[in-house]
Amino acid sequence: MTFSFKTLEKSKESRARTGVISTPHGKVNTPVFMPVGTQATVKTLEPKELKEIGSEIILSNTYHLYLRPGNEIVKRAGGLHKFMNWDKPILTDSGGFQVFSLGDLNEISEEGVKFQSHIDGSYHFMRPEDSVNIQNDLGADIIMAFDECAPYPTDYDYALEAMERTHRWAERSKNAHKRDDQALFGIIQGAFYEDLRVESAKVLASMDFPGYSIGGLSVGEPKDIMYDMLDVTVPHMPDDKPRYLMGVGSPDCLIEGVIRGIDMFDCVLATRIARHAKAMTHNGGITIKNAQYADDFTPLDSECSCHVCKSYSRAYIRHLFKAKEMLAGKLVSYHNIYFLHELMDNLKNAIQGGYLFEFRDEFFKKYYGA
């Protein structure tokens with residue numbers, strides 16, 4: 001196994017920690033935010049720009065790449081790294097979340113899931129073994145076991161059934177995994193029930209995966225429920241393995257997740273809101289299309305040192321959005337990802353310096369007015 005995780009510094013006031021993940025394509029300093037490149041591209045941005053921004057690892061999506069262009073094509077290209085010209089680490093999810101969330105018609109059985117493509121309506125069947133084989137073809141450094149993601153809200157009986165099936169599928173995923181140069185993570189489920197989350201963490205820990213993901217959160221539940229689930233789950237996760245909270249990327253959730261001991265995060269939020277003219281700044285989010293910015297010649301964020309903030313004004317970026325120019329979403333996407341990387345760097349410094357809660361309170365006061 002060419003994958004390892006080392007804790008560097010632990011917070012004395014919380015479960016937060018800094019660390020480093022080593023993979024065949026380089027190292028990742030944690031805690032880390034991973035930009036999402038669903039279709040083997042982080043929308044509007046080239047790999048060289050992601051490197052400029054400071055991205056150390058990105059995520060791609062198994063479900064989407066299986067449907068288009070197909071994992072066999074990616075494999076023939078030499079794997080995702082060569083296909084998309086990205087030579088740093090990549091993580092792929094299992095496709096499980098998309099199978100359940102995008103398929104209007106899906107049938108779940110013990111063997112796997114029959115689902116309908118959102119592209120052309122064709123039917124497909126995915127087993128845990130299929131998900132792992134596809135990810136083996138894609139060649140990411142970190143891959144995920146196939147899981148069943150229960151929606152919010154869900155009743156206890158279904159949450160229990162989905163969790164137990166996820167555990168069985170985790171075993172099958174592990175048995176199907178063939179590549180020593182890829183680290184397979186298990187996914188903790190259990191919906192919004194504390195006893196199920198604890199049980200799932202313990203069962204998966206016993207399987208000795210090289211890392212662990214927490215799935216089934218940030219699916220529409222109130223944030224305090226998500227935080228409660230993290231509070232009960234993380235203490236039962238192995239201390240010497242990375243902890244990955246799937247699908248989370250708002251500044252408040254990143255900070256609260258780090259405090260609770262999470263090492264890895266991913267989300268489409270930064271680029272999705274950017275395409276709708278919403279920028280993250282040190283003084284809160286702004287909608288740059290608003291009329292108040294028509295003759296505002298200051299940067300998007302006067303406290304940001306990214307290329308966009310050094311080079312362009314709010315008035316210009318607003319003009320691009322109003323004129324429906326493609327550059328608009330690109331510039332705000334660049335800035336938003338830079339902003340989240342800077343936030344993670346500041347969290348690392350706060351952990352090392354012992355002022356994590358002070359940093360959180362000051363950030364929330366400026367960003368959220370709270």
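Tabulated values for the structure
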quantity	calculated
Filtered residues of segment 260-276 (kept if of a type in the set (A, V, I, L, M, F, W, C) and surrounded by fewer than 23 Cβ atoms within 10 Å (Cβ to Cβ))	Cys267, Val268, Leu269, Ile273
Members of segment 1-18 found to be surrounded by 14 or more Cβ atoms within 10 Å (Cβ to Cβ), of a type in the set (Lys, Arg) and not in a strand (DSSP E or B), listed by number	Arg15
Residues of segment 119-145 classified as assigned to a helix (DSSP H, G or I) and surrounded by fewer than 23 Cβ atoms within 10 Å (Cβ to Cβ), total	5
Leading residue by the ranking (nearest to Met144 (Cα to Cα)) among those in segment 202-216 that are more than 17 Å from the chain's Cα centre (by Cα) and open to solvent by less than 10 Å² (accessible area, probe 1.4 Å)	Phe209
Test for Lys51: is it assigned to a loop (DSSP other than H, G, I, E, B) and under 26 Å from Pro24 (Cβ atoms)	no
Residue in segment 182-200 that is open to solvent by 30 Å² or more (accessible area, probe 1.4 Å), of a type in the set (Asp, Glu) and farther than 20 Å from Glu161 by Cβ present	no
Enumerated helices (runs of 4 or more DSSP H) restricted to segment 217-293, each holding at least 1 residues that are under 12 Å from the mean Cα position of the chain (by Cα)	251-259, 269-274
Listing of helices (runs of 4 or more DSSP H) fully contained in segment 55-118 that carry 2 or more residues being closer than 18 Å to Pro35 by Cβ and either among the hydroxyl-bearing types (Ser, Thr, Tyr) or open to solvent by less than 10 Å² (accessible area, probe 1.4 Å) (or both)	62-67
Extreme residue, nearest to Ser213 (Cα to Cα), among residues of segment 32-54 that are crowded, with 17+ Cβ neighbours inside 10 Å and among the small types (Gly, Ala, Ser)	Gly37
Given (1) under 20 Å from Ala176 (Cβ atoms); (2) in contact with a Ser or Thr (Cβ under 9 Å, 6 or more places away or on another chain), number of the condition Gly211 does not satisfy	(2)
Some residue of segment 251-262 being in contact with a Cys (Cβ under 9 Å, 6 or more places away or on another chain), within 23 Å of Ser94 (Cβ to Cβ) and without any contact (Cβ under 8 Å) to a residue 40 or more places away in the chain	yes
Residues that are surrounded by fewer than 13 Cβ atoms within 10 Å (Cβ to Cβ) and among the aromatic types (Phe, Trp, Tyr), drawn from segment 323-370	Tyr368
Residue under evaluation Ser311, criteria (1) open to solvent by 10 Å² or more (accessible area, probe 1.4 Å); (2) of a type outside the set (Phe, Trp, Tyr); (3) within 27 Å of Asp252 (Cα to Cα); (4) without any contact (Cβ under 8 Å) to a residue 60 or more places away in the chain, criterion not met	(3)
Where Phe33 falls short, out of the listed (1) within 16 Å of the chain's Cα centre (by Cα); (2) at pLDDT below 95	(2)
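The values are calculated or read from the model by the stated rules, or taken from the named source; none is laboratory data. Nothing here was measured: the structure is a model prediction, and the numbers come from that model. Neighbour counts run over all protein chains shown; Cβ positions are idealised from the backbone, glycine included. Ligands, DNA and RNA are stripped out before the accessible areas are found, and what is left, the full protein with its side chains, is counted by its heavy atoms. Shrake-Rupley method; radii C 1.70, N 1.55, O 1.52, S 1.80 Å.
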